[in-house]
Amino acid sequence: MIVASSVFFASHFGVEAADRGWYDDVRPFLEQHCGDCHRGAAGEGGFDLARLAPRPSGAAETAQWIRIHDRLAAGEMPPPDAAQPSGRSRSKALELLADTLVAREQALAKVVLRRLNRSEYENTVRDLFGVWVDVKDQLPEDSSTDGFDNVGEGLNLSAEAIAAYLQAAEQTLDAVFGPPTEPKRIEFKTNLLDQRGHDGSSFIASHIGKMFRRTPDGLVIFQSGYCPTTLVNFSRLRAPVGTYRGTIRARAVQSDKPVTLRIYAGDTLVNRRERHLVGHFDVPPDRWTTIEFTDRLVEEGGTFQPTCYGTRDTRKDADTYPEPGIEIGDITIEGPLEQWPPASRIRLLSGLANGVDQGRSIADAERILSRLLPRAFRRDVDPEELRPYLDFFIAALESGRGFEPSLRLSLSAILCSPSFLFLEETTRTDAAGRQRIDESSLACRLSYFLTSSLPDDELRQLAQSGRLSIPSVLRDQVERLLASPAADAFVDNFTGQWLDLRRIDETSPDAKLFPEFDELLKLSMVEETRMFFSDILENNLSLLNFVDSRHTFLNERLAAHYGIEGVTGQTLRKVSLPEASVRGGLLGQASILKVTANGTHSSPVLRGVWVLDKLLGQTLPPPPENVPAVEPDIRGSTTIREQLRRHREIGECATCHDRIDPPGFALEGFDPIGGFRTQYRTSGDGKRPAMKQAPFTFNWVQYRLGLPVDSSGITADAVPFAGVHDFRRWLHNRPDEIAEALTEKVLTYALGRSVRFSDRRQVDDIVQSLRDHDYGFRELIHAVVQSDAFQQP
């Protein structure tokens, strides 16, 4: 049988002579140890060795051989109950496979020119011109590859995208040049008592004594729900687009602790299409304080609205109502705060010679473009590259356009140029004869990794001097960038995608099952994770904190959700967790628990896949098409565990579910909004909870208590756990696996390409380095930047 199979392998595929060496050596091993189970159409897992391409010449064939390599390396194949190869023969087969795969991959690797994604485009035009402009939402949504939207393979450029870039360029240049005349400046002072409806009537007056209490200084408001406190008088001024500074004089009443003031801005009156939250502010009790805020109105005629948060509403007895509220006195708003002419315009046109004759205008335009183009293209630019953009200007000027309209045409062409939209990289050969990206490309790669924007002046100067690639200099620059506010972009973009925080709004919790969920809870849970990540990065803490940590970041709202006492006020701060807390690490954070569930129920499958992918770097194949998805019973008659037990009886599902289900079961003690539970909530039959109204929202509780939660399980390597505490310890005992998984995520994001098989040796080197530095997360960033992978084309 083995001989027949060998003949079939060789004759069917016609193995080339160049491949016979490694293939002839590895083929007998596969036939002896894998052939009995993986032969023919009925091969286990649908995998037929006889149909395996003996030469990994393309992506699909290479992926098949990588799968064989990985299952052999992990000891998954042959299965434990089958005859095992000797350690020497397994090692030899793996070495042959690895060497061939690396060689093939390097030979086939294509350099994909990476386009700026939406965030990078917005940040780049901001830093190029020194102007704030919101153009990200004007551009088509970027597709995600390997979990990130900055991977070149997924960043195509369609006709739709080109049109959007033209529109974004025009919007950018509108902001750069600013309005032709100075916008009106507003210095507005008002009081809620002064507000008048469009017909001139005082709509506040009709609610005094019912919803509001009049005081000598203004009004006491109690409403955290409907509250007609929009500053209508300010909206009538038709305030121009821009940034405004506001102050509100306020004090909490009838409370022994701060009461939260919530402020909205934008179009709060009509269709609310641009209504947005300014923030939540703590108002101390029984003493006046001044709340200060700054916000940008992006549409003309926007206004502001102060309301309470977390208070009970009154609709009829405000004068005698005993619950907490906020007394609001004078309110001031001034702006726009932006200077005119804009600093971006002054910066762009600085150094121009006087005179309006055509020759002088052309010289001025050439001076501007010569100064701008190297920064826009993020490299040195020769005179020939400048010529087409200057020709645009000259042609427009000769057609009768003025200087600025003609200049705008050239600038728009630059912002739509491939050299601006794509991150071009040039190679060099270093002293050791190795291929490296050149210094300007290295500056660009580093800057977009840590700031999602173009290199600043210091990086550019170091690149021009040829010193940036010196390891000590490169390390200093990483430290400088991480310490700058620009590194917030790395925190936002990396956590948003690695941890799926960008998906926080994809599901809306069922109001009947989770009446306590509100806007502040959602914002707080995302900010907790973001601040937690920043703390680990800033202080070079062990990346094992991501799986188990004794601290987190909480405010009053989130602490109450977690059942942790002693946290007052809505500002998040670092908090030590109680010893017995189920929180600690990412798996106890509500943001993670929400994005791994839907609005009605949690799924051990979704959460299990998330843990395997994000924390352990294990990617599983998609489920077979003929196997139906598991849909939890929200009526509460059966648990998801019972349904999965039946699901696992399907043979082709059991192997994957042995790995998926344990982390999912460990997290079953958390509901879809991250609250801890011992019983499921159900819309069916069950006992009513003792609580009648939900905290903070005061919505009526309508759900019932269903079946008990079971968070126990057995890991794929046969380690039992009783709940999330035990499972965290199991994860914590796998530092190299976690380090390897996070290294691959960071590398993918840093390089803007998928991590390849040929990168694995460098990943191993980075993990070894981390092991020697107590798995410090900041050290991981340094190790990535110093790696060959980061500095090679």
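The values are calculated or read from the model by the stated rules, or taken from the named source; none is laboratory data. Small disclaimer: the values here were computed from a predicted structure and weren't measured. Note that each Cβ is placed from the backbone with ideal geometry, even for glycine, and that neighbours are counted across all protein chains shown. The accessibility values were calculated without ligands, DNA or RNA, using every heavy atom of the protein model including side chains. Shrake-Rupley method; radii C 1.70, N 1.55, O 1.52, S 1.80 Å.
Give me a count of the residues in region 711-733 that are assigned to a loop (DSSP other than H, G, I, E, B) and either at pLDDT 95 or above or not charged (D, E, K, R) (or both).
Count: 9.
Report, by residue number, each residue of region 164-199 that is within 30 Å of THR314 (Cβ to Cβ) and either open to solvent by less than 50 Å² (accessible area, probe 1.4 Å) or in contact with a Pro (Cβ under 8 Å, 6 or more places away or on another chain) (or both).
Within region 164-199, PHE188, THR190, ASN191, LEU192, LEU193, GLN195, GLY197 meet the criteria.
I'm trying to understand the selection: among the residues of region 578-587, which are without any contact (Cβ under 8 Å) to a residue 60 or more places away in the chain and surrounded by 18 or more Cβ atoms within 10 Å (Cβ to Cβ)?
Result: ARG583, single match.
With the requirement that a residue be assigned to a helix (DSSP H, G or I) and open to solvent by less than 70 Å² (accessible area, probe 1.4 Å), what does region 415-439 give you?
Listed by number, the residues that qualify are LEU415, SER419, PHE420, LEU421, GLU439.
Does at least one position in region 271-289 carry a residue that is in contact with a helix residue (DSSP H, G or I) (Cβ under 8 Å, 6 or more places away or on another chain) and either under 29 Å from LEU521 (Cα atoms) or at pLDDT below 95 (or both)?
Yes - at least one qualifying residue is present in region 271-289.
Here are the criteria: (1) modelled with pLDDT of 75 or more; (2) under 41 Å from the mean Cα position of the chain (by Cα); (3) open to solvent by 70 Å² or more (accessible area, probe 1.4 Å); (4) not polar (S, T, N, Q). Tell me which single one ARG88 does not satisfy.
(2)
For region 298-327, name all the residues that are buried (at least 19 other Cβ atoms within 10 Å of the Cβ) and polar (S, T, N, Q).
THR303, GLN305, THR307, THR311, THR314
Considering only region 720-744, state which residues are among the acidic types (Asp, Glu), out of contact with any strand residue (DSSP E or B) (no Cβ under 9 Å at 6 or more places or on another chain) and open to solvent by less than 70 Å² (accessible area, probe 1.4 Å).
Within region 720-744, ASP736, GLU744 qualify.
Can you give me the number of residues within region 704-719 that are in contact with a helix residue (DSSP H, G or I) (Cβ under 8 Å, 6 or more places away or on another chain) and open to solvent by 30 Å² or more (accessible area, probe 1.4 Å)?
5
For region 558-577, give me each residue that is touching a residue at least 40 places away in the same chain (Cβ under 8 Å) and within 20 Å of GLY669 (Cα to Cα).
Within region 558-577, ALA560, HIS561, TYR562, GLY563 meet the criteria.
If you check every pair at least six apart or on different chains, which have Cβ atoms under 9 Å apart with a residue in region 275-291 that is farther than 20 Å from PRO324 by Cα first and a residue that is surrounded by fewer than 16 Cβ atoms within 10 Å (Cβ to Cβ) second?
Qualifying pairs under 9 Å: HIS276/VAL298; LEU277/GLU519; VAL278/THR294.
Please state which of the following conditions ILE263 fails to meet, knowing it meets all the rest: (1) within 30 Å of TYR321 (Cβ to Cβ); (2) aliphatic (A, V, I, L, M); (3) touching an Asp or Glu at 6+ places or on another chain (Cβ under 7 Å).
ILE263 satisfies all of (1) within 30 Å of TYR321 (Cβ to Cβ); (2) aliphatic (A, V, I, L, M); (3) touching an Asp or Glu at 6+ places or on another chain (Cβ under 7 Å) except (3).
Would you pick out the residues in region 378-414 that are of a type in the set (S, T, N, Q), open to solvent by 60 Å² or more (accessible area, probe 1.4 Å) and under 19 Å from LEU348 (Cα atoms)?
Correct list: empty.
Taking the options ILE394, ILE414, name whichever one is in contact with a helix residue (DSSP H, G or I) (Cβ under 7 Å, 6 or more places away or on another chain), within 13 Å of LEU373 (Cα to Cα) and among the β-branched types (Val, Ile, Thr).
ILE414
Tell me, please, whether a residue that is closer than 23 Å to ASN493 by Cβ and aromatic (Phe, Trp, Tyr) can be found in region 179-201.
no
For region 312-338: of the residues being in contact with a strand residue (DSSP E or B) (Cβ under 6 Å, 6 or more places away or on another chain) and in a loop (DSSP other than H, G, I, E, B), which is nearest to SER224 (Cα to Cα)?
Looking at the filtered set, the residue picked out is PRO324.
GLY669 - would you say it is in contact with a helix residue (DSSP H, G or I) (Cβ under 8 Å, 6 or more places away or on another chain), more than 30 Å from GLU323 (Cβ to Cβ), modelled with pLDDT of 95 or more and crowded, with 17+ Cβ neighbours inside 10 Å?
Considered against the rule, which asks whether it is in contact with a helix residue (DSSP H, G or I) (Cβ under 8 Å, 6 or more places away or on another chain), more than 30 Å from GLU323 (Cβ to Cβ), modelled with pLDDT of 95 or more and crowded, with 17+ Cβ neighbours inside 10 Å, GLY669 comes out as yes.
How many residues does region 104-124 contain that are part of a helix (DSSP H, G or I) and modelled with pLDDT under 75?
Result for region 104-124: 5.
Looking at (1) aliphatic (A, V, I, L, M); (2) under 15 Å from LEU468 (Cβ atoms); (3) surrounded by fewer than 17 Cβ atoms within 10 Å (Cβ to Cβ), can you tell me which one LEU442 breaks?
Here LEU442 clears every test but (3).
State yes or no: is THR619 surrounded by fewer than 16 Cβ atoms within 10 Å (Cβ to Cβ) and modelled with pLDDT of 80 or more?
Criteria met by THR619.
Of GLU327, GLU338, GLU366, GLU323, which residue is among the acidic types (Asp, Glu), out of contact with any Gly (no Cβ under 7 Å at 6 or more places or on another chain) and under 30 Å from GLY246 (Cβ atoms)?
None of the other options fit; the residue is GLU323.
Among the candidates SER206, SER158, SER235, single out the residue that is farther than 29 Å from SER406 by Cβ, hydroxyl-bearing (Ser, Thr, Tyr) and at pLDDT 90 or above.
On inspection, the qualifying residue turns out to be SER235.
What pairs can you find where one residue is in region 772-793 and in contact (Cβ under 8 Å) with a residue 12 or more places away in the chain and assigned to a helix (DSSP H, G or I), the other is open to solvent by less than 30 Å² (accessible area, probe 1.4 Å) and of a type in the set (Lys, Arg), and their Cβ atoms are less than 9 Å apart, with a gap of 6+ or different chains?
VAL785/ARG445; ASP788/ARG436; PHE790/ARG445; GLN791/ARG436; GLN791/ARG445
Taking ARG761, is it over 30 Å from GLY225 (Cα atoms) and modelled with pLDDT under 95?
Here the answer is yes, as ARG761 does meet what is asked.
In region 140-147, is there at least one residue being within 22 Å of the chain's Cα centre (by Cα), under 18 Å from GLY242 (Cα atoms) and surrounded by 19 or more Cβ atoms within 10 Å (Cβ to Cβ)?
Scanning region 140-147, I find no residue that is within 22 Å of the chain's Cα centre (by Cα), under 18 Å from GLY242 (Cα atoms) and surrounded by 19 or more Cβ atoms within 10 Å (Cβ to Cβ), so the answer is no.
Restrict the check to region 339-361 and report whether at least one residue is open to solvent by less than 10 Å² (accessible area, probe 1.4 Å), over 24 Å from VAL253 (Cα atoms) and in a helix (DSSP H, G or I).
Checked against the condition, which is being open to solvent by less than 10 Å² (accessible area, probe 1.4 Å), over 24 Å from VAL253 (Cα atoms) and in a helix (DSSP H, G or I), region 339-361 yields at least one hit.
Would you say VAL567 is farther than 19 Å from PRO735 by Cα and part of a loop (DSSP other than H, G, I, E, B)?
yes
For ARG646, indicate whether it is modelled with pLDDT of 65 or more and not in a loop (DSSP other than H, G, I, E, B).
So ARG646 does not fit the description; no.
For ARG607, state whether it is surrounded by 18 or more Cβ atoms within 10 Å (Cβ to Cβ), in a helix (DSSP H, G or I) and modelled with pLDDT of 95 or more.
The answer is yes for ARG607.
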